[in-house]
Amino acid sequence: HIAAEQLAESSWEGIEQPEFERLWQVEVEEATSSCKRERLHLATGLLLPVWDKLPSDYVRVSRIAAKDGNSLLGREVPVHSVPDLCHALGLEEASVLSAEDIVQAVVRSGRPMEVRGREALTLKRSLVNGAQRLELAGWSAARLDWYKAQGCFTEIIRYQTRLFVPTDQANAILVRLTR
């Protein structure tokens, strides 16, 4: 509800009914023609006993309506928190994320994520010479040539060798590292 005086002071402009219907229909067609898909991790069911195990830095409750008519109500779990949550709940095998999910989570959130492979690695976003890069930490020097053969590259920064993953090939390289 808005008063006529407030409406007069606003930036609203009048429009005729046929013109409004035409513009509305254009937006409806645009919305229905563009399908946006994204993966959402949702903790559902009896959550009170495990509430303290859910990420405390991201509290969003969502209701999802499935195509079959069922609806789910639960707490959203960001991708970067899924492995920690699975570990806290004792679901070690369920916490395996795809290479693409790991790369996207690190790039978007800036938080480091564990990469399970032959060694316990951590993929993190690092700012080097004004550019964001994907860096691997936790690698052993004995396997450095193997990492380079998989597509990684090194730079010596402040007398320390650092291992990076090219961002444009990160998904494919991580798949090779986790085999």
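Quick note: the coordinates plus some simple rules give every number you see, no bench work behind them. Since the model is a prediction, treat every value here as computed from it, not as a measurement. Note that we place each Cβ from the backbone using ideal geometry, even for glycine, and neighbour counts take in every protein chain shown.
Just a few scattered comments:
- Between helix 99-109 and the chain there is an angle of about 70 degrees, using the helix long axis and the longest principal axis of the Cα atoms.
- With viscosity 1.306 mPa s and temperature 10 °C, the Kirkwood radius over alpha carbon pairs of the stretch 97-179 converts through Stokes-Einstein to a diffusion coefficient of 125 µm²/s.
- The Kirkwood hydrodynamic radius of the chain, based on inverse pair distances between different Cα atoms, is 20.5 Å.
- Remark: Y159, Y58, Y147 ranked as Y159, Y58, Y147, counting other beta-carbon atoms within 10 Å and listing the fewest first.
- Exposure proxy order (Cβ contacts within 10 Å, fewest to most) of V79, V26, V50: V26, V50, V79
- Under 24 Å from K124, Cα to Cα: lysines that are on another chain or at least 8 residues apart: K53, K148
- Proximal lysines relative to K67, as straight alpha-carbon distance under 20 Å, when same-chain residues fewer than 8 apart are discounted: K36
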